[in-house]
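Q: Please read through the structure below; I'll follow up with questions.
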């Protein structure tokens with residue numbers, strides 16, 4: 001099959017591309033950075049250098065493809081992440097329609113069933129809605145849980161304060177997932193002939209924040225590491241004190257609150273995946289320990 005991968009060779013893209021190439025598929029990888037071309041070609045894929053904001057570029061790359069892996073790369077410069085997601089989502093839809101691609105696997109998120117109150121994840125909800133408008137295209141939304149590498153964001157806090165602090169924590173349950181397990185699910189779906197609109201949740205394990213802190217603490221010499229829950233107001237004050245931009249504060253608080261009140265995982269609880277990923281938090285903790293030591 002001819003498969004197009006968006007998102008370059010990121011945490012998910014690299015293992016995904018490797019698996020597809022090893023299985024004999026012709027894989028084209030879109031990257032905005034020309035210096036990634038050698039790395040892409042080194043693992044047996046074709047590099048397409050351009051930006052997702054350019055619809056004509058997407059049309060040229062999607063032409064002749066059997067399947068497309070559609071993800072929205074992070075944009076750290078925008079002050080309106082939802083509008084950014086919508087823009088890229090509309091570009092994907094236009095390019096898919098113009099080229100007649102029949103199989104799309106979209107990297108989405110747990111909580112994407114909700115149209116309010118989830119902060120950054122509202123962008124994934126919007127892209128799902130846009131892709132759902134496609135006719136005669138098999139679309140699978142891969143709703144990934146909390147990806148392990150987001151835990152790296154807590155390293156500075158742990159070193160500075162000695163604990164993790166957010167507006168979710170303690171006994172709040174978090175659906176977590178390894179990027180490698182997302183890649184495996186995406187590789188499976190891309191080469192599967194589907195019909196209509198489907199949702200597949202991807203998870204590697206379910207942990208309370210307390211359990212996650214204990215697992216991470218054990219490998220960094222802090223066996224009593226706590227993940228403390230604070231109010232939305234306390235979290236906002238702390239982020240403002242550290243100069244975090246207001247749009248990030250608002251989205252972060254909404255997202256955290258939806259984990260704390262359980263709304264983010266309500267649909268996941270009704271449609272849990274039949275199989276759980278292989279990479280557990282204990283496995284990721286080894287990488288976390290290395291990053292913690294270097295930081």
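The values are calculated or read from the model by the stated rules, or taken from the named source; none is laboratory data. Just so we're clear, the structure is a prediction, and the values are computed from it rather than from any experiment. Here Cβ is always computed from backbone atoms with ideal geometry, including for glycine, and neighbour counts include all displayed protein chains.
Q: Scan the range 274-292 for residues that are surrounded by fewer than 18 Cβ atoms within 10 Å (Cβ to Cβ) and either assigned to a helix (DSSP H, G or I) or modelled with pLDDT under 95 (or both) and jot them down.
A: Of everything in the range 274-292, those that are surrounded by fewer than 18 Cβ atoms within 10 Å (Cβ to Cβ) and either assigned to a helix (DSSP H, G or I) or modelled with pLDDT under 95 (or both) turn out to be 274, 275, 282, 283, 286, 287, 289, 290, 291.
Q: State which residue pairs qualify: first residue in the same structural domain as residue 62 (by TED's automatic domain parsing) and surrounded by 14 or more Cβ atoms within 10 Å (Cβ to Cβ) and inside the range 17-38, second residue modelled with pLDDT under 95 and in a helix (DSSP H, G or I) in any location, beta carbons under 8 Å apart, and separation of 6 or more residues or different chains.
A: none
Q: In this structure, does residue 114 turn out to be assigned by TED's automatic domain parsing to the domain that holds residue 51, under 18 Å from the mean Cα position of the chain (by Cα) and not in a helix (DSSP H, G or I)?
A: On the way: assigned by TED's automatic domain parsing to the domain that holds residue 51: yes; under 18 Å from the mean Cα position of the chain (by Cα): yes; not in a helix (DSSP H, G or I): yes.
Yes, satisfied.
Q: Here is a follow-up. Regarding the range 182-204, can at least one residue be identified that is over 22 Å from the mean Cα position of the chain (by Cα), touching a residue at least 24 places away in the same chain (Cβ under 8 Å) and within 24 Å of residue 263 (Cα to Cα)?
A: No, the range 182-204 contains no residue that is over 22 Å from the mean Cα position of the chain (by Cα), touching a residue at least 24 places away in the same chain (Cβ under 8 Å) and within 24 Å of residue 263 (Cα to Cα).
Q: Anything in the range 39-50 that is touching a residue at least 24 places away in the same chain (Cβ under 8 Å) and out of contact with any helix residue (DSSP H, G or I) (no Cβ under 9 Å at 6 or more places or on another chain)? List them, or say none.
A: Residues satisfying the conditions do not exist here.
Q: Here is a check on your reading of the model: is residue 101 more than 22 Å from the chain's Cα centre (by Cα), touching a residue at least 12 places away in the same chain (Cβ under 8 Å), assigned by TED's automatic domain parsing to the domain that holds residue 10 and not in a helix (DSSP H, G or I)?
A: Values: more than 22 Å from the chain's Cα centre (by Cα): yes; touching a residue at least 12 places away in the same chain (Cβ under 8 Å): yes; assigned by TED's automatic domain parsing to the domain that holds residue 10: yes; not in a helix (DSSP H, G or I): yes.
So residue 101 fits the description; yes.
Q: Among the residues of the range 118-129, is any more than 18 Å from the chain's Cα centre (by Cα) and not assigned by TED's automatic domain parsing to the domain that holds residue 268? Spell out how you get there, then give the answer.
A: Applying the first criterion (more than 18 Å from the chain's Cα centre (by Cα)) to the range 118-129 yields none.
So far as the range 118-129 goes, no, none of its residues is more than 18 Å from the chain's Cα centre (by Cα) and not assigned by TED's automatic domain parsing to the domain that holds residue 268.
Q: Take residue 108 and tell me if it is part of a helix (DSSP H, G or I), in contact with a strand residue (DSSP E or B) (Cβ under 8 Å, 6 or more places away or on another chain) and touching a residue at least 12 places away in the same chain (Cβ under 8 Å). Spell out how you get there, then give the answer.
A: On the way: part of a helix (DSSP H, G or I): no; in contact with a strand residue (DSSP E or B) (Cβ under 8 Å, 6 or more places away or on another chain): yes; touching a residue at least 12 places away in the same chain (Cβ under 8 Å): yes.
Spelling it out, it is not the case that residue 108 is part of a helix (DSSP H, G or I), in contact with a strand residue (DSSP E or B) (Cβ under 8 Å, 6 or more places away or on another chain) and touching a residue at least 12 places away in the same chain (Cβ under 8 Å).
Q: Let me ask something else about it. Filter the strands (runs of 3 or more DSSP E) completely within the range 163-247 down to those with at least 2 residues that are closer than 26 Å to residue 12 by Cβ.
A: Values: elements: 164-166, 173-177, 197-202, 205-208, 227-229.
Those strands (runs of 3 or more DSSP E) span 164-166, 173-177, 197-202, 205-208.
Here is a yes/no grid of residues against (1) farther than 17 Å from residue 157 by Cβ; (2) under 19 Å from the mean Cα position of the chain (by Cα):
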position	(1), (2)
241	no, no
255	no, yes
263	yes, yes
270	yes, no
